[in-house]
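Notes for the one structure printed next.
The values are calculated or read from the model by the stated rules, or taken from the named source; none is laboratory data. As the structure is a prediction and not an experimental result, all values here were calculated from the model. Cβ atoms come from the backbone with ideal geometry, glycine included; neighbour counts cover every protein chain shown. Calculation scope for accessible area: heavy atoms of the full protein, side chains included, ligands and nucleic acids excluded. Shrake-Rupley method; radii C 1.70, N 1.55, O 1.52, S 1.80 Å.
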Amino acid sequence: MFYKRSESFRYTFGAPPEIKLKLMKPIGNLTIYCLLLDVSPKGAKLYSEKELKITDEIVRLKFVLNHETITADAKIVWKQQYEEGWLYGVDFERNPVKELLISTEIRELKEFELH
């Protein structure tokens with residue numbers, strides 16, 4: 001995938017959308033609602049009132065940036081306490097098609113903001 005040098009890789013939301021984060025447990029799945037603070041083709045920053053453990057487990061995120069519903073598997077790589085909740089950094093599992101879709105959705109959001 002080719003990027004323009006003037007193009008930002010990360011999109012920060014003014015009003016963060018609510019997304020679903022699903023913990024894939026052997027006993028059963030647990031869905032948590034989070035706020036999507038920013039996103040890039042390779043990862044995202046989330047806010048949740050619920051504290052999660054950083055493990056090697058994969059979580060599944062489901063969100064809409066512009067038009068398309070995106071489902072991405074990710075790994076929580078960092079967390080930080082913030083006000084009444086927690087900030088999390090997640091890295092998406094590598095998938096060139098999803099990376100291109102997220103880049104396209106970010107580009108469309110930025111074009112919409114400019115007009």
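Contact map, region 55-75: residues that are touching a residue at least 40 places away in the same chain (Cβ under 8 Å) and of a type in the set (Phe, Trp, Tyr) paired with residues that are open to solvent by less than 80 Å² (accessible area, probe 1.4 Å) and not in a strand (DSSP E or B), Cβ distance under 9 Å, separation 6+ or inter-chain. Pairs shown: Phe63/Pro17.
Residues are listed down the side, and each one gets a yes or a no for (1) of a type in the set (A, V, I, L, M); (2) modelled with pLDDT of 90 or more; (3) out of contact with any Leu (no Cβ under 6 Å at 6 or more places or on another chain):
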residue: Asn66; (1), (2), (3): no, no, no
residue: Ile70; (1), (2), (3): yes, yes, yes
residue: Asp73; (1), (2), (3): no, yes, yes
residue: Gln80; (1), (2), (3): no, yes, no
residue: Glu84; (1), (2), (3): no, yes, yes
residue: Tyr88; (1), (2), (3): no, yes, no
residue: Glu93; (1), (2), (3): no, yes, yes
residue: Leu101; (1), (2), (3): yes, yes, yes
residue: Glu105; (1), (2), (3): no, yes, no
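The condition of being surrounded by 16 or more Cβ atoms within 10 Å (Cβ to Cβ), in contact (Cβ under 8 Å) with a residue 12 or more places away in the chain and not in a strand (DSSP E or B) holds for only one of Glu105, Glu51, that being Glu105. Residues that are outside any strand (DSSP E or B), in contact with a helix residue (DSSP H, G or I) (Cβ under 7 Å, 6 or more places away or on another chain) and open to solvent by less than 90 Å² (accessible area, probe 1.4 Å): does region 60-72 have at least one? Looking through region 60-72, at least one residue is outside any strand (DSSP E or B), in contact with a helix residue (DSSP H, G or I) (Cβ under 7 Å, 6 or more places away or on another chain) and open to solvent by less than 90 Å² (accessible area, probe 1.4 Å).
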